[in-house]
Amino acid sequence: MTEVDAIVAGAGLWGCAAARILAEKGRAVLVLERRPHVGGNVRCDTDPETGIELHAYGSHIFHTHIDRVWDFVRRFAEFNGYQHKVLARHAGKTYFLPLGLALVNQFYGLDMAPSELPAFIAAEAAKGFAGGRAPANFEEQAISSIGKPLYDAFIREYTRKQWGTDPCNLGADIVKRLPVRASYDINYFPDYRQGIPLAGYNSLFDRMLDHPKITVECNVDWAARRSEFPHGVPVFYSGPVDELFGYKFGPLPWRSLRFEQERMPLADFQGTSVVNYVDADVPYTRIHEFKHYHPENAAVMASRQTIVCREYPRAWKPGDEPYYPVDTAESRELLALYQAEAANVPNLVLGGRLGEYKYYDMDRSVDRAMEATSRF
Ligand SMILES: Cc1cc2nc3c(=O)[nH]c(=O)nc-3n(C[C@H](O)[C@H](O)[C@H](O)COP(=O)(O)OP(=O)(O)OC[C@H]3O[C@@H](n4cnc5c(N)ncnc54)[C@H](O)[C@@H]3O)c2cc1C
């Protein structure tokens, strides 16, 4: 590449989408990625023995209701139409999430019709939280939304594991109102456009970056190349914003995860892709069984082996992989300091989950990349 007129630092979904859009606008784009591969946390490995696609950073299901995002990603991948369902194991029984007629009827031993559910949940909520004041924390907010029995069974211990603290210590605004579906719709995501790339996620990224105006360099940290581009070339940065400024105000807090994979001599371990373990006596939050993401792949489905992955939430410290931003009043104040710092750097565009310090689903990551590149 003789000339660079946009740098993209970080080749996750946000960075790859930004690079492609800029290249199609005629910019010569240099993509720098510090990992040995592109794709960020959506990266997968393929098990050489079974052909199972292994999601290295936790299960990723593409789902969206954003037309322009769906049109964009389908230029680089054909999706298999997989529709995500999540089950929950509680007290030795298996339930269909999300909270809806299937789960509520099974849990209470009832046979309610859709029209009966809202009043039932409202009565349970009123029994659990008297009202007269706003809920003061996550627990009160959740109980005021679904009642205590459902909260105790499906939310309390899962939340405690996920965030590593009692839900009473979490802000009420984390949970908003918990929706309960008055139907037997057990589709986990409300988006009907859903699926996994037939050729795998890695191929989606390779095709997105396959453009004559894009050059990709892996194993390169932006910090190591920054001094080469002092003259106002726009930089689209999707690494951690606090790291970019040397943690000068202190690190932004994250929750991290540990994944433990196991190969099993079984055709099928749990009969579905994700089961949540919502009780306190199980240390992990979920088991992922990856072969179920490709029901169209007869060879993978017929394999006499399966690979599962247990997901353990854990505390984060600088150097660990950050997964979920911890949204508190303090972290918002800290973020504002870094954002003010970034605003003083000409031609710096912060994006992605690390750059914006915000959880985004994949479709929102693409949508945000479209927004970020629109004025260039
Ligand atoms: C456990 C988990 C499960 C999820 N499941 C789903 C799901 O099912 N469906 C869904 O829609 N979304 C899901 N998501 C969200 C999804 O992971 C994100 O939307 C997406 O990964 C965000 O992409 P990104 O580019 O912002 O970040 P990343 O994927 O983190 O990419 C950032 C890239 O920047 C690189 N980088 C960082 N700093 C530098 C630097 N200084 N120089 C060079 N490179 C750098 C990193 O190595 C990384 O490759 C999930 C998230 C988590 C945590």
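A few comments on the model shown:
- Under 23 Å from the Cα of Lys148 - lysines, other chains or at least 8 residues apart: Lys93, Lys127, Lys161, Lys176
- Ordering 121-129, 315-323 by mean Cβ neighbour count within 10 Å, with the highest value first, yields 121-129, 315-323.
- Based on alpha-carbon atoms, the Kirkwood radius and the radius of gyration of the chain give Rg/Rh equal to 0.99.
- For segment 139-199 versus segment 273-290, the gap between their alpha-carbon centres in whole angstrom: 14
- Net charge of the neighbourhood of Asp327, taken over other residues with C-beta under 14 Å away and scored Lys/Arg +1, Asp/Glu -1, is +1.
- Positive contributions from Lys and Arg (+1) and negative ones from Asp and Glu (-1), summed over other residues with Cβ under 10 Å from the Cβ of Ala280, come out at 0.
- Per-residue SASA entry for His292, accessible area with 1.4 Å probe, Å² rounded to 10: 30
- With contributions of -39500 (n - 2.57) from each DSSP H run of at least four residues, the per-residue ellipticity at 222 nm computed over the chain stands at -8000 deg cm²/dmol.
- Counting all C-alpha pairs of segment 237-376, share separated by more than 24 Å (%): 49
- Rounded to the nearest 20 debye, the dipole magnitude of the chain is 260 debye, with +1 charges on Lys and Arg beta carbons, -1 on Asp and Glu beta carbons, and the Cα centre as origin.
- Cα gyration tensor, segment 107-174 - rounded (a/c under 1.5), prolate or oblate: oblate
- Straight-distance candidates among the aspartates and glutamates for linking to Lys213, with alpha-carbon spacing under 13 Å and chain neighbours fewer than 8 residues away dropped: Glu3, Asp5, Glu24.
- Environment charge of Asn219, counting only residues whose C-beta is closer than 11 Å and scoring Lys/Arg +1, Asp/Glu -1: -1
- Cross-link reach list, aspartates and glutamates versus Lys317, counting only Cα pairs under 18 Å and skipping chain neighbours closer than eight places: Asp242, Glu243, Asp327, Glu330
- Segment 1-68 versus segment 318-337: alpha-carbon centroid distance in Å: 23
The values are calculated or read from the model by the stated rules, or taken from the named source; none is laboratory data. As the structure is a prediction and not an experimental result, all values here were calculated from the model. Please note: Cβ atoms are built from the backbone with ideal geometry, for glycine as well, and neighbour counts cover all protein chains shown. Heads up: the accessible areas ignore ligands, DNA and RNA and are worked out on the full protein's heavy atoms, side chains in. Shrake-Rupley method; radii C 1.70, N 1.55, O 1.52, S 1.80 Å.
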